[in-house]
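Here's the structure, in structure tokens; my notes come after.
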Amino acid sequence: MILVDSSVWIDYFNGQKTNASEYLDAALGREYLLIGDLILTEVLQGFKSEKDFNTAKKLLTSLEVVELSNPHLAIKSAESFRALRKKGLTVRKTIDVVIATYCIENNVTLLQSDKDFIPFSERLGLKILP
């Protein structure tokens with residue numbers, strides 16, 4: 001299972017060719033892809049036209065939409081943030097902490113293009129692509 005981060009979806013919908021967006025393009029319909037509820041919000045709120053919004057909504061909701069947090073994961077996310085901070089690493093966005101922790105706790109690989117996930121991979125065992 002692969003959870004696709006908003007950084008990749010944004011590049012994909014904007015036609016930006018990156019390693020991650022090209023991986024996503026090849027994986028659609030071939031691999032089991034997930035999208036998180038908060039990622040769905042982040043991606044959809046960026047569309048200006050109703051047509052593009054509806055097209056994206058149809059594609060994104062055809063994937064399994066997972067809830068990225070609950071009380072257990074909220075506490076685990078805080079613990080992940082604190083563990084990295086103790087090592088001198090501060091993650092800029094809380095949502096990235098939540099996404100990374102969800103993936104670690106559920107043994108899900110993250111397709112991403114955001115440097116904030118690298119410390120989770122190097123220090124906490126997050127599996128990332130590409």
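The values are calculated or read from the model by the stated rules, or taken from the named source; none is laboratory data. Remember, it's a predicted structure, so these values are computed and weren't measured experimentally. Cβ placement follows ideal geometry from the backbone for every residue including glycine, while neighbour counts extend to all protein chains displayed.
If only one of T90, T55 is at pLDDT below 95, among the β-branched types (V, I, T) and over 18 Å from S7 (Cβ atoms), which one is it? Just a single option satisfies the conditions, and that option is T90. Suppose the filter is of a type in the set (S, T, Y), surrounded by 13 or more Cβ atoms within 10 Å (Cβ to Cβ) and without any contact (Cβ under 8 Å) to a residue 24 or more places away in the chain; does T90 pass it? Taking the combined requirement at face value, the residue does not satisfy it.
P130 passes every criterion in (1) at pLDDT 95 or above; (2) within 23 Å of A26 (Cα to Cα) apart from (1). Note on the range 32-53: residues that are charged (D, E, K, R), surrounded by 11 or more Cβ atoms within 10 Å (Cβ to Cβ) and over 16 Å from the mean Cα position of the chain (by Cα) amount to 1.
For T55, the criteria (1) among the hydroxyl-bearing types (S, T, Y); (2) in contact with a helix residue (DSSP H, G or I) (Cβ under 6 Å, 6 or more places away or on another chain); (3) within 25 Å of Y32 (Cα to Cα) hold in every case but one, which is (2).
Out of all the residues in the range 88-123, which are in a loop (DSSP other than H, G, I, E, B) and within 16 Å of the chain's Cα centre (by Cα)? Can you show your working first?
Residues of the range 88-123 that are in a loop (DSSP other than H, G, I, E, B), as a first pass: 88-93, 107-108, 112-114.
V91, R92, K93, N107, V108, Q112, S113, D114, listed by residue number.
Annotation note: Cβ proximity below 8 Å between a residue of the range 1-30 that is free of Cβ contacts under 8 Å to residues at least 40 places away in the same chain and a residue that is loosely packed, with under 14 Cβ neighbours inside 10 Å and part of a helix (DSSP H, G or I) (sequence gap 6+ or interchain) occurs for Y12/D25. crowded, with 19+ Cβ neighbours inside 10 Å, more than 19 Å from K127 (Cα to Cα), of a type outside the set (V, I, T) and touching a helix residue (DSSP H, G or I) at 6+ places or on another chain (Cβ under 7 Å), is that true of L24? Answer is no for this residue.
Inspection of the range 70-87 finds a residue satisfying the criterion of being under 18 Å from the mean Cα position of the chain (by Cα) and assigned to a loop (DSSP other than H, G, I, E, B).
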